[in-house]
1. What FRET efficiency would be calculated for the residue pair residue 131, residue 57, taking the C-beta separation as r and a Förster radius of 30 Å, to the nearest 0.05?
2. Where Rh denotes the Kirkwood radius from the mean inverse Cα pair distance, what is Rg over Rh for the stretch 18-152?
3. 7 Å from Cα along Cα→Cβ at both residue 124 and residue 68: what's the point-to-point distance in nm?
4. Beta carbons within 10 angstrom, averaged per residue: use that to sort the peptides 48-55, 9-16, 101-108, highest first.
5. Extension gain residue 17-residue 116, at 0.36 nm per residue separation less the Cα-Cα distance, in nm?
6. Rg and Dmax of the stretch 39-111 over Cα atoms: what are they, in angstrom?
7. Taking 0.36 nm per residue of sequence separation and subtracting the Cα-Cα distance, how much length would be gained by fully extending the chain between residue 146 and residue 108, in nm to one decimal?
């Protein structure tokens, strides 16, 4: 399981906005292969660089924006991760059009009943998100494996 960080949602306490979900999705992308202190130290720069994680604004970012971020020392300068966050903004917007909210989408893929299944669906749909990163994302959003949440009760 994951070590709960102060910025993570508590079990059963979910982000209140789609931007909150998108920010946590981006954090999962940037966290892959890095320690939490690295991401935490660059998080304010990432929030500013990715326009507060507004998926519409991020989807409007182009190659020039990516090139600028690759020279910005306040962010994690990994081209694949930066490009993945921009690409994921388009996917995220499609999800919002299909389901009305990201929370409804997560409910539709069974995040509350089938944590592992939901991680697979997320890993297949979003860029630079493997099953471990997808699990990290769900955990960050307040979802827990059924047996973990039942034993905590």
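Computed from the coordinates by the stated procedures, all read-outs in this text should not be read as laboratory data. Every value quoted in this text rests on a predicted model; they were computed, and no experiment measured them. Glycine also receives a Cβ, built like all others from the backbone with ideal geometry; neighbour counts cover every protein chain displayed.
1. 0.55
2. Using only Cα positions, Rg/Rh for the stretch 18-152 is 0.97.
3. According to this spin-label approximation, the distance is 3.7 nm.
4. 48-55, 101-108, 9-16
5. 33.3 nm
6. Cα only, the stretch 39-111: 13.6, 40 Å (Rg, Dmax).
7. Taking 0.36 nm per residue and subtracting the Cα distance, the gain is 12.0 nm.
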